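The values are calculated or read from the model by the stated rules, or taken from the named source; none is laboratory data. Being a predicted model, the structure only gives us computed values, none of them experimental. Don't worry about glycine lacking a Cβ; one is built from the backbone with ideal geometry, like all the others, and counts go over all protein chains shown. Each accessible area value is taken on the protein alone, full model and side chains, heavy atoms only, with ligands, DNA and RNA left out. Shrake-Rupley method; radii C 1.70, N 1.55, O 1.52, S 1.80 Å.
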Amino acid sequence: MEFNAEVLLMLFAVAAVAGWVDVIAGGGGLLTIPAMLFAGLPPAAAIATNKVQGSFGTFIASVVFVRNNAVNLSGIQWPLVMTFAGSVAGSWAVLQIDAQILAWILPPLLAAVGLYFLLNPNLDDRTRKQKTPWLVFAAGVAPLLGFYDGFFGPGTGSLMALALVWCCGYGLTAATAHAKLLNFVSNISSLIYFILFGDIVWSVGAVMVAGQIIGAFTGARMALQKGATLIRPVVVVACFAMAAGLVVRAL
């Protein structure tokens with residue numbers, strides 16, 4: 001497939017915005033996939049190409065967070081492994097089950113997450129007492145999050161951050177940083193699948209990867225600098241926007 005310079009520039013710009021949003025709140029795919037469909041990619045190619053560019057965005061954000069000591073690598077190995085395993089299971093399940101069953105379940109869930117972030121006065125950068133034992137989180141919660149990302153995907157970043165806040169007592173910035181690392185790992189299994197079997201349009205993927213790198217790097221730096229004062233309103237807006245977008249698509 002061939003695309004003119006204007007279309008590629010549009011896809012680059014959308015990927016940059018999506019990379020910024022995805023680092024802070026998740027849901028960047030709800031911007032990039034419609035943009036690729038608008039550019040003329042078939043649905044299967046858009047989904048496969050989206051996983052390529054999105055994986056680079058989560059990787060860059062993870063590197064920024066790790067290099068700035070926002071992630072505790074010594075304590076997150078098992079959640080990473082179990083998130084990966086859950087994502088493999090989700091990627092397999094999506095071939096067996098109609099993922100559209102989540103199209104009506106997810107919008108109220110995302111709206112509830114948005115309301116939680118909007119109305120909870122304790123969502124800040126303070127670390128609180130952990131409610132869920134780390135082993136339980138790694139063995140039970142992490143694979144479920146990975147499964148969801150492999151099976152459906154929208155809002156994964158917000159759900160992961162909320163799980164780390166609620167279960168593990170993380171402050172919001174720390175939760176966002178660790179969620180992005182979990183999100184990167186969950187993307188890997190799907191990325192491998194699409195490289196082997198998917199219909200990736202590499203020319204579009206390369207342009208959007210460049211945009212994702214810029215957006216993800218900028219988003220990660222801003223999240224570290226501004227903390228909860230930036231993350232919280234972006235998550236609220238993104239959750240409600242994702243919920244509305246999914247309802248419109250399902251109608």
_Testing residue 71 on (1) at pLDDT 85 or above; (2) closer than 26 Å to residue 32 by Cβ; (3) part of a helix (DSSP H, G or I), one condition comes back false. Which one is that?_
(3)
_Pair list, Cβ under 6 Å, 6 or more apart: the stretch 1-25 residue closer than 30 Å to residue 227 by Cβ, other residue hydrophobic (A, V, I, L, M, F, W, C) and not in a helix (DSSP H, G or I)_ = none
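Can you find a residue that is open to solvent by 10 Å² or more (accessible area, probe 1.4 Å) and part of a loop (DSSP other than H, G, I, E, B) anywhere in the stretch 44-58?
Taking the stretch 44-58 and keeping what is open to solvent by 10 Å² or more (accessible area, probe 1.4 Å), we get 44, 47, 50-51, 54, 56.
Narrowing the set further to residues that are part of a loop (DSSP other than H, G, I, E, B) leaves none.
No; the residues of the stretch 44-58 include none that is open to solvent by 10 Å² or more (accessible area, probe 1.4 Å) and part of a loop (DSSP other than H, G, I, E, B).
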*Odd one out for residue 105, checked against (1) on the phi < 0 side of the Ramachandran plot; (2) at pLDDT 80 or above*: (2)
_Condition broken by residue 153, with the remaining ones in (1) of a type in the set (Gly, Ala, Ser); (2) part of a helix (DSSP H, G or I); (3) under 26 Å from residue 119 (Cα atoms); (4) under 11 Å from the mean Cα position of the chain (by Cα) satisfied_ = (2)
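When you go through 218, 176 one by one, which is the residue that is hydroxyl-bearing (Ser, Thr, Tyr), open to solvent by 10 Å² or more (accessible area, probe 1.4 Å) and either modelled with pLDDT under 90 or out of contact with any Pro (no Cβ under 6 Å at 6 or more places or on another chain) (or both)? Please lay out each step first, then the result.
Working: 176 fails: open to solvent by 10 Å² or more (accessible area, probe 1.4 Å).
Criteria check complete, one pass: 218.
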